[in-house]
Amino acid sequence: MQAKTAQAEKKALAEKKAAAEKKAAAEKKALAEKKAAAEKKALAEKKAAAEKKAAAEKKALADKKAAADKKALAEKKAAADKKAAADKKAAAEKKAAADKKAAADKKALAEKKAAADKKAAAEKKAAADKKAAADKKALADKKAAAEKKAAAEKKALAEKKAAADKKAAADKKALAEKKAAADKKALADKKAAAEKKAAAEKKAAAEKKAAAEKKAAADKKALAEKKAAADKKALAEKKAAADKKALAEKKAAADKKALAEKKAAADKKALAEKKAAAEKKAAAEKKALADRKSQVSNKVNSRPQIDSQQKRDSRTELLTVSVSLNTGKIVSIASVGILAAAILISAMVFIAG
C-alpha cells in the first residue's frame, strides 16, 4: 500500500513537472512570437519608408521626363506645322497643274469617244442584220427538231407509263407487307420500352433513396466534425488566454520584484550615505573637541580662530545633513515613480489581454 502511494505521488510529481515544462515552453514560444512580430513590424515599416522614398524619387524623375517630353513635343509640333504649311502650298500648286492637264485630257477623250461611238454604231447595225438572218434559219431548224423529239417522247412516255403501273402494283403489295411487319415490330418495341422504363424508374428510386441516406450521413458527420472543431478552437482560445494572462501576471510580478530590488538598493545606498555623513560628523566633532582642548590655554588669543573653525564645521555638518536629506527625498520620489509606472504597465497589459 505504501509503495503504491509512493508510486502515485511520483507519477503526480512527474505530471506536475511535465505541465510546468509545457507551460514554460508555451511562455517561451509566446515571447518569441511577440518578438518576431515586433521585428516583422519594424521591418515592414522600414520597407514602407523605403518604398515611399523610391516612389517619391520615381515621381520626381517621371515629372522631369514629362517636362522634357512636353518640350520636345512642342518643338516637334512647330516643325510639323511648318512642314504642313509648305506641303499644303506645294499640293495647291500641284493640284492647279493637275486640273489644267485633266481638262485638256478630258477634251481629247471626249473627241476620241465621239469617233469611237460613231464607228461602234455602224458595226452594231451590221452585226444585228447578220444575227437576224442567222436567228431565222436557226428557228426553222429548231422547230423541225422539236416536232421529231415530241413524237419520240410521246412513244417513250407510253412505254414508261405501262412500266410504272406495273411497278406501282408491286410496290403497293411490298408496302402492305412491310407495314404489317413494322406494326408487329413497333408493338414489340413498345412493350420492351415500357418494361425498360419501369426498371429504370425502379433503379432511379433506389439510387435516390441511397443518395438521400448517404447525404444525411455526410451531413451528420460534417456537423459532428464542425462541432468538434469549434470545441477544439474554443479550448485552444481559452488555453491561449490563460497562458497570456499567466505571462502578464509573471511579467507584472517580475517588474514588481525588480522595482522592489531597485528600491531596496536605493534605500541601502541612502542609508550608507547617511551613515558616512554621521561618521564624518562624529570625526569632525571629535577633531573640534581635540582642537578646543589643545587650545584652551590660548583661549583669549585664539578665540577668533576657534569661532572660524566651529563655523566651518557647522557649515560642513549642515551641508552633509542637507545632502543626505535631499538624496533620501530623491530616492523616495524615484521609487514612488517607478512603482506607479510598474502598476500602470501591469494594468495596461491586463486590459490589453
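Looking at the range 29-47, is at least one residue within 37 Å of the chain's Cα centre (by Cα), more than 29 Å from L247 (Cβ to Cβ), in a helix (DSSP H, G or I) and of a type in the set (K, R)? If you could, list the steps in order and put the result at the bottom.
Restricting attention to the range 29-47, the residues satisfying the condition of being within 37 Å of the chain's Cα centre (by Cα) are 29-47.
Subset that is more than 29 Å from L247 (Cβ to Cβ): 47.
From what is left, the residues that are in a helix (DSSP H, G or I) are 47.
From the residues that got through so far, the ones that are of a type in the set (K, R) too are 47.
Yes, because at least one residue in the range 29-47 is within 37 Å of the chain's Cα centre (by Cα), more than 29 Å from L247 (Cβ to Cβ), in a helix (DSSP H, G or I) and of a type in the set (K, R).
Looking at this structure, is K257 within 15 Å of I343 (Cα to Cα) and in contact with a helix residue (DSSP H, G or I) (Cβ under 7 Å, 6 or more places away or on another chain)?
Details: within 15 Å of I343 (Cα to Cα): yes; in contact with a helix residue (DSSP H, G or I) (Cβ under 7 Å, 6 or more places away or on another chain): no.
No; evaluated as a whole, the condition is false for this residue.
Does any residue of the range 60-74 turn out to be surrounded by 10 or more Cβ atoms within 10 Å (Cβ to Cβ) and under 28 Å from V349 (Cβ atoms)?
So far as the range 60-74 goes, no, none of its residues is surrounded by 10 or more Cβ atoms within 10 Å (Cβ to Cβ) and under 28 Å from V349 (Cβ atoms).
Output the residue which, of all residues in the range 251-279 that are under 44 Å from the mean Cα position of the chain (by Cα) and surrounded by 12 or more Cβ atoms within 10 Å (Cβ to Cβ), is modelled with the lowest pLDDT.
Pass one, the range 251-279, residues under 44 Å from the mean Cα position of the chain (by Cα): 251-255.
Next, from what is left, pick out any that are surrounded by 12 or more Cβ atoms within 10 Å (Cβ to Cβ): 251-252, 255.
Numbers: K251: 79, A252: 74, D255: 79.
Only one residue fits best here, namely A252.
What is the one condition in (1) more than 19 Å from K250 (Cα to Cα); (2) in contact (Cβ under 8 Å) with a residue 24 or more places away in the chain that K47 does not satisfy?
The number of the failed condition is (2).
The values are calculated or read from the model by the stated rules, or taken from the named source; none is laboratory data. Remember, it's a predicted structure, so these values are computed and weren't measured experimentally. With ideal geometry, Cβ positions are generated from the backbone for all residues, glycine too; neighbour counts draw on all protein chains shown.
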